[in-house]
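Participant: Questions regarding the structure given below will be posed in turn.
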Amino acid sequence: MNQKELIKNKEQIRGSYHVTGCANYVKRAKNAVYLSAANSIEHELAKAEVCWLLLKAGKDFITECCDNKTGLRRDVVCLDNGAIIEVETDEKRAQRFSNVASVVVIPLWKTNDVKKALLDVLD
């Protein structure tokens, strides 16, 4: 994929998400980490680490965005490949993603090694 196609693909993925609580045309800034006071400090720190690892790998992302089709809020979306990354501190809450192939769950109740859990996305 050449550079022009890659940029077009990234913008198409970015266009399918919007700022939570706003209209579908209000987009999140690229490569900016947005925090939510509703989440735990462990969750937010892990999300920041995920974003740092994505940046280090040369990938673009958006955070705390809402899917235009489903209305579901996402922690991190990698714009390079469309991967949805959810940071979970509780095994019960993570079960809601067990049947969704496109979601990468970072299981903080098992491990604090975020990089290991992200290997598929970083490649």
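Participant: Restricted to the range 1-23, and to residues that are polar (S, T, N, Q) and more than 15 Å from Val77 (Cβ to Cβ), which residue is farthest from the chain's Cα centre (by Cα)?
Facilitator: Filtering the range 1-23 for residues that are polar (S, T, N, Q) and more than 15 Å from Val77 (Cβ to Cβ), the one farthest from the chain's Cα centre (by Cα) comes out as Asn2.
Participant: Just to be sure I understand the filter: pairs with C-beta atoms under 7 Å, separated by 6 or more residues or on different chains, first member in the range 82-107 and within 16 Å of His43 (Cα to Cα) and touching a residue at least 24 places away in the same chain (Cβ under 8 Å), second member among the hydroxyl-bearing types (Ser, Thr, Tyr) and loosely packed, with under 15 Cβ neighbours inside 10 Å. Which pairs pass?
Facilitator: Partner pairs satisfying both residue conditions: Thr89/Ser40.
Participant: Name the single residue that is surrounded by the most Cβ atoms within 10 Å (Cβ to Cβ) among those in the range 90-106 being more than 14 Å from the chain's Cα centre (by Cα) and at pLDDT 85 or above.
Facilitator: Ala94
Participant: I would also like to ask the following. Evaluate the following for Ala46: is it crowded, with 16+ Cβ neighbours inside 10 Å, at pLDDT 90 or above and of a type in the set (Gly, Ala, Ser)?
Facilitator: yes
Participant: Regarding the range 75-91, can at least one residue be identified that is farther than 18 Å from Val33 by Cβ and in contact with a strand residue (DSSP E or B) (Cβ under 8 Å, 6 or more places away or on another chain)?
Facilitator: Yes, the range 75-91 has at least one match.
Participant: Mind checking which residues of the range 53-66 are more than 24 Å from His18 (Cβ to Cβ) and without any contact (Cβ under 8 Å) to a residue 60 or more places away in the chain?
Facilitator: If the condition is that a residue be more than 24 Å from His18 (Cβ to Cβ) and without any contact (Cβ under 8 Å) to a residue 60 or more places away in the chain, then Lys56, Gly58 are the ones that fit.
Participant: How about the range 1-18: which of its residues are of a type in the set (A, V, I, L, M, F, W, C) and either touching an Asp or Glu at 6+ places or on another chain (Cβ under 8 Å) or modelled with pLDDT under 90 (or both)?
Facilitator: Met1, Leu6
The values are calculated or read from the model by the stated rules, or taken from the named source; none is laboratory data. All figures in this text were calculated on a predicted structure; none of them were measured in a lab. Ideal geometry is used to build each Cβ from the backbone, glycine not excepted, and the neighbour counts take in all protein chains shown.
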